[in-house]
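I have placed the structure first, in the form of structure tokens, so that the comments after it can refer back to it.
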Amino acid sequence: MTLQHHPDDCTLAAFAAGTLDLGEHVAIATHLVGCSQCRGFVRAMEGVGGTVLASLPPTPMSADALLQLEARLSDTSEPQQTESMPPISDTGIPSLPKFVRQYRMGGWQWVAPRVRLRRIDLPVPSKTRVFLLRSGPGTRMLQHSHTGVEMTCVLAGAFEHEGGYFGPGDFDLGDETIDHRPIVKGREDCICLVAMRGDLRLEGLLGRLIQPFVRL
Ligand SMILES: [Zn+2]
């Protein structure tokens, strides 16, 4: 699988430095699970960070985000189901990384015709909300804008907008300056993990009608 769209270098560097909030961290880690190219970049950044840290007086800092991720990746055993660990959600989405499935999730909520959303509850408060978004074939997503950054990882299916075609494993970054209206391509549902900071504003008549019912 050749990925076409990756997080930018600044975002990967922030991941390596551990400065992203948890929601954004989850989105980038989801991309890294399927992208050896970006994993290599993060590993290099952590090497640079380690060199810098080694020249400083000892502090309790650590830059081991990738090490932790790789430990999870190389762990092929089924997770232990203990009382202290929440059960793995059976999402029916094989490409959703195991570490995400350990978070508590809500049920699938109606957002719009052929669009469903499933909230992911992070274990600590985060300014970024994380959810799964599932859209049927041919769905044109509602015109929307947002007041902050929106990270999207494609888990299954594909969508397309002015910025290109996004298939499984691809990563898309939107912000308040970008006004995209993606359309779902192909015959299968498009399922994405979305990390969104700020408020979502649905535009148009339908958007205004359903906005009060959509709690994002
Ligand atoms: Zn990548």
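Overview of values
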{"read-out": "Peptides 3-9, 101-107, 186-192 ordered by average Cβ neighbours within 10 Å, highest first", "value": "186-192, 3-9, 101-107"}
{"read-out": "Amide hydrogen neighbours beyond the local backbone of THR139, cut-off 5 Å, H modeled", "value": "VAL184"}
{"read-out": "Probe 1.4 Å, all protein chains present, accessible-area order of SER126, SER36, largest first", "value": "SER36, SER126"}
{"read-out": "Chain lengthening between SER95 and GLU176 when straightened (0.36 nm per residue, less Cα-Cα)", "value": "26.3 nm"}
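The values are calculated or read from the model by the stated rules, or taken from the named source; none is laboratory data. These numbers come from a predicted model, not from an experiment. Quick reminder, even Gly has a Cβ in these numbers, built from the backbone with ideal geometry, and neighbours come from all protein chains shown. Surface accessibility is based on the protein's heavy atoms, side chains included, excluding ligands, DNA and RNA. Shrake-Rupley method; radii C 1.70, N 1.55, O 1.52, S 1.80 Å.
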